[in-house]
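Single-structure report; data block below.
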Amino acid sequence: MASSKEYLNFILEQLSELDEVTYRAMMGEYIIYYKGKIIGGIYDNRLLVKPVQAAKDFMPEASYELPYKGAKEMLLVSNVYDKYFLKSLFESMYAELPENSKKK
């Protein structure tokens, strides 16, 4: 099932306290970038983030979910209604996110 544009817009509104949040559509889902780094995505109308240590510490009860068959597990963000929580989560994760590889 593809994610809806409405859910994407809801998540983007929830992240509106942050600068430099962008997205890219990919096969019916959305990759979410924060300050140019991939932080996670929206898959089947679920916000999933990379399982970096800061995210695990911030959400110790979070479940691991597959964004799609064959992918690496990511952390499910269940508290998407709290803007402050999302802002703090993304800010805490940023330093641990890998730099995006440059296309050749």
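None of the figures in this text is laboratory data; all of them are computed from the coordinates on show. This is a predicted model, so every value here is computed, not measured. Here the Cβ positions follow ideal geometry from the backbone for every residue, glycine too, while neighbour counts run over all protein chains shown.
Structural remarks
- Residue match in the range 52-64 (condition: assigned to a loop (DSSP other than H, G, I, E, B) and in contact with a helix residue (DSSP H, G or I) (Cβ under 6 Å, 6 or more places away or on another chain)): yes
- Residue pairs meeting the criteria (Cβ under 9 Å; at least 6 apart or on separate chains; first basic (Lys, Arg), in the range 78-101; second exposed (fewer than 13 other Cβ atoms within 10 Å of the Cβ) and part of a loop (DSSP other than H, G, I, E, B)): Lys83/Ser16
- The single residue among Asp44, Asp57 that is more than 10 Å from the chain's Cα centre (by Cα) and within 15 Å of Phe10 (Cα to Cα) turns out to be Asp44.
- Every residue from the range 73-93 that is of a type outside the set (Lys, Arg) and either in a loop (DSSP other than H, G, I, E, B) or more than 11 Å from the chain's Cα centre (by Cα) (or both): Glu73, Val77, Ser78, Asn79, Val80, Tyr81, Asp82, Tyr84, Phe85, Ser88, Glu91, Ser92
- Search result, residues across the range 57-77 that are out of contact with any Asp or Glu (no Cβ under 7 Å at 6 or more places or on another chain) and exposed (fewer than 13 other Cβ atoms within 10 Å of the Cβ): Asp57, Pro60, Glu61, Ser63, Tyr68, Lys69, Gly70, Ala71, Lys72
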